[in-house]
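Right, one structure below, let's go through it.
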Amino acid sequence: MVPHAARQYLRHIVDQEIPNGLKKYLELELFPRIHLKPGKGVSLRTARRWLHREGFRFIEHKKSLYYDGHERPDVVKYRQETFLPAMQKLQDRLVKYEVGNVSALVQPHRANYVDRQLVLVAHDEMTAQANDGRKKSWVLDGEHALKKKGAGRGMHQSDVICSTIGWVAEASQSLEYGKNYDGYWNGEMFVTQLKRKIIPALEAAHGPGYQFLIVVDNSQGHSAYAEDALLVQRMNMRPGGQQARMRDGWYERDGHRIIQPMVFPPDHAEHPGAAKGMKQVLMERGLWIRGLVMKCRGDKKCDADATVCCATRILELQPDFTEQRSLVQEVIEAAGHMCIFLPKYHCELNPIEFFWGVVKRYLREHCDYTFKTLQENLPIALASVSKELIRKWEHRMIRWMEAYRSGLSAKDAQFQVKAFGTKRYKSHRRVPESLAAALDA
């Protein structure tokens, strides 16, 4: 057997039973290539034994951490150069609890008494279905439990949790999703929830001495922009036409900030009340170059280090355009708090993901396959998670960040986090004194 060739082939088999695929590959492709003629071929038992030797295991598929996009260059760049440094900068201001004794508050090391203490607030959404019950049940030999087909009617839940008060019930938002019910959740609904529920509920629960760092996943709905946001993609080259009417921009000249309207005044001779377009904006800033095209096309796409290749690239590098925030960020920062987006695909950095796991387990254990029961159980399940458990999940998030900060990949980071949280006992006969004392208490 040629280990490298076989290993490369095995990792691409996804649509068939792996031992059969290996057997077929060895007998029809690999052996003829190396001029080997086995008498009876390769048995399935031998194929499975070789698979074990190569590190494969026949296991039940379970939900776990997905690595598909973790090491994508743009994702790694944002994680290492933006997210992790931003979180490190705010560490001293965060409300923390002792590792191993999550009831004890860590006294902050404050550089000044102007900045308020920072509470980490994790947000996310989930769905729960009426027919999502227990996966296993007790039955007599040869019988099967009868369960309803399909997922059934479902609820969409948008919530926030924090280590200080746990699940914030007053900020919770439920929706019976579906085109025949309440519709589907979107970014506009989340912005409304922020304004009317999440921020007011957090401020009422903590008082004026705290500021909130709201952690949001990097989904398309959360990264949407306001209608008048400064976005080059919404502009035409020339005035008027089908383009957005954007808010005022700004640029600096001779050390002074100059406000620049993006729309012509109502009494303009040629384009009254029309959007200016890229050319006019660049001309007013003194950045227009004769013969400039709107956007590089085809094989002439903008190079990574290009700065003046087209009107789009020049304008999108201007400070007022680069500082444009998403609508979610604008709403949170306008209320005096902070927002940070998680790196894409990094659900392990969001403590609320573990919260959803406990909530769904409660719902499955108390499921009777009716929508009414789901509605009744959902708030009970949400309230069943303790603050102490949420604080432990926040500690786990910190361990993940430390692993990534040291340069580990997602897989290696997972091993390090698991090693930190796993107790290893040298003997199965002797219980450690610390554990015995805890049991006696």
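Exactly one residue out of 221, 240 is small (Gly, Ala, Ser) and closer than 30 Å to residue 336 by Cβ, and it is 221. I need a count of the residues in segment 237-266 that are polar (S, T, N, Q) and exposed (fewer than 12 other Cβ atoms within 10 Å of the Cβ). Residues in segment 237-266 being polar (S, T, N, Q) and exposed (fewer than 12 other Cβ atoms within 10 Å of the Cβ): 1 in total. Condition check for residue 378 on (1) under 23 Å from residue 97 (Cα atoms); (2) at pLDDT 95 or above: one failure, at (1).
Candidates are the residues of segment 218-232 that are of a type outside the set (D, E, K, R) and free of Cβ contacts under 8 Å to residues at least 60 places away in the same chain; the one that is surrounded by the most Cβ atoms within 10 Å (Cβ to Cβ) is 221. Scanning segment 308-355 for residues that are within 17 Å of residue 222 (Cβ to Cβ), in a helix (DSSP H, G or I) and of a type outside the set (Val, Ile, Thr) turns up 327, 329, 330, 333, 334, 347, 349, 353. Would it be correct to say that residue 232 is over 20 Å from residue 351 (Cα atoms) and out of contact with any Pro (no Cβ under 9 Å at 6 or more places or on another chain)? Yes. Figure legend. Inter-residue proximity from segment 247-276: first residues touching a residue at least 40 places away in the same chain (Cβ under 8 Å) and closer than 24 Å to residue 227 by Cα, second residues part of a loop (DSSP other than H, G, I, E, B) and of a type in the set (S, T, N, Q), beta-carbon distance below 8 Å, spacing 6+ or different chains. Indicated pairs: 249/318; 251/318; 275/236; 275/243. Within this structure, residue 295 fails the test of being in the same structural domain as residue 318 (by TED's automatic domain parsing), touching a Lys or Arg at 6+ places or on another chain (Cβ under 7 Å) and farther than 30 Å from residue 157 by Cβ.
Elements of the type helices (runs of 4 or more DSSP H) sitting completely within segment 178-288 and holding at least 3 residues that are not assigned by TED's automatic domain parsing to the domain that holds residue 156: these cover 278-285.
Residues checked against (1) aliphatic (A, V, I, L, M); (2) modelled with pLDDT of 95 or more; (3) within 28 Å of the chain's Cα centre (by Cα):
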site: 86; (1), (2), (3): yes, yes, yes
site: 92; (1), (2), (3): no, no, yes
site: 120; (1), (2), (3): yes, yes, yes
site: 130; (1), (2), (3): yes, no, yes
site: 145; (1), (2), (3): yes, no, no
site: 149; (1), (2), (3): no, no, no
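If only residues of segment 193-217 that are modelled with pLDDT under 95 and surrounded by fewer than 17 Cβ atoms within 10 Å (Cβ to Cβ) are counted, the one that is farthest from residue 172 (Cα to Cα) is 209.
The values are calculated or read from the model by the stated rules, or taken from the named source; none is laboratory data. Bear in mind the structure is a predicted one, so any value in this text is a computation, not a measurement. Methodologically, a virtual Cβ is constructed for each residue, glycine included, from the backbone with ideal geometry; neighbour enumeration extends over all protein chains shown.
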